Amino acid sequence: MTNDTTVLPSGVEIERDESDGCYRARYDSTEHPTSTVVVTAVAAVTETDPLDLEPLRESLDPDALDDIFRRTPGGHVREEGCVEFSLAAHEVVVGAEGDVEIYPPA
């Protein structure tokens, strides 16, 4: 398996897995809002300025996405589950463990 790694402006690394064409990023929702990581990662994958992407809100509510994966005031985090949606013709899967997977169009 050969991987290419790109560092996003936020410092989050996104890695391309050539075996399945998927791009993967790991992030900490206490440091970066999930919605911001998703938009910047998809922009990097599609080589598009984030401002030129279709708005994330056309796929789902960005605030709700952030709320799902944000730590609670008591410090708890969601331990399992994921949210799947399309953005810029790519399938995006955000997991509770702090993973974002981006699958290019087939």
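Just to be sure before I move on: is Ile102 of a type in the set (Val, Ile, Thr) and either modelled with pLDDT under 95 or not in a strand (DSSP E or B) (or both) in the structure I sent? Criteria not met by Ile102. Reported count of residues in segment 9-36, each being out of contact with any Gly (no Cβ under 8 Å at 6 or more places or on another chain) and open to solvent by 40 Å² or more (accessible area, probe 1.4 Å), is 15. Taken together, the criteria place Glu97 among residues that are touching a Lys or Arg at 6+ places or on another chain (Cβ under 9 Å), over 15 Å from Leu8 (Cα atoms) and open to solvent by 20 Å² or more (accessible area, probe 1.4 Å).
Of all the criteria given as (1) within 15 Å of Ser10 (Cβ to Cβ); (2) in contact (Cβ under 8 Å) with a residue 60 or more places away in the chain; (3) among the hydrophobic types (A, V, I, L, M, F, W, C), the one not satisfied by Ala43 is (2). Of the residues making up segment 37-46, not a single one is out of contact with any His (no Cβ under 8 Å at 6 or more places or on another chain), farther than 17 Å from Val93 by Cα, of a type in the set (Val, Ile, Thr) and surrounded by 12 or more Cβ atoms within 10 Å (Cβ to Cβ).
Just the residues that are within 16 Å of Leu65 (Cα to Cα) and of a type in the set (Val, Ile, Thr), please, taken from segment 5-53. Hits for segment 5-53 are Thr30, Thr34, Thr36, Val37, Val38, Val39, Thr40, Val42. If you check every pair at least six apart or on different chains, which have Cβ atoms under 8 Å apart with a residue in segment 86-106 that is on the phi > 0 side of the Ramachandran plot first and a residue that is at pLDDT below 95 and part of a strand (DSSP E or B) second? Filtered contacts from segment 86-106: Gly98/Arg26.
Checked against (1) at negative phi; (2) surrounded by 18 or more Cβ atoms within 10 Å (Cβ to Cβ), Cys82 passes all but a single condition, namely (2).
Within segment 13-33, residues that are touching a residue at least 40 places away in the same chain (Cβ under 8 Å) and assigned to a loop (DSSP other than H, G, I, E, B) have Cβ atoms under 8 Å from residues that are of a type in the set (A, V, I, L, M) and open to solvent by 30 Å² or more (accessible area, probe 1.4 Å) in these pairs: Ser29/Val77, counting only partners at least 6 apart in sequence or on another chain.
The values are calculated or read from the model by the stated rules, or taken from the named source; none is laboratory data. Note that the structure is predicted; figures quoted are calculated from it, not measured. Note that we place each Cβ from the backbone using ideal geometry, even for glycine, and neighbour counts take in every protein chain shown. Protein only, heavy atoms only, side chains kept; ligands, DNA and RNA dropped before computing areas. Shrake-Rupley method; radii C 1.70, N 1.55, O 1.52, S 1.80 Å.
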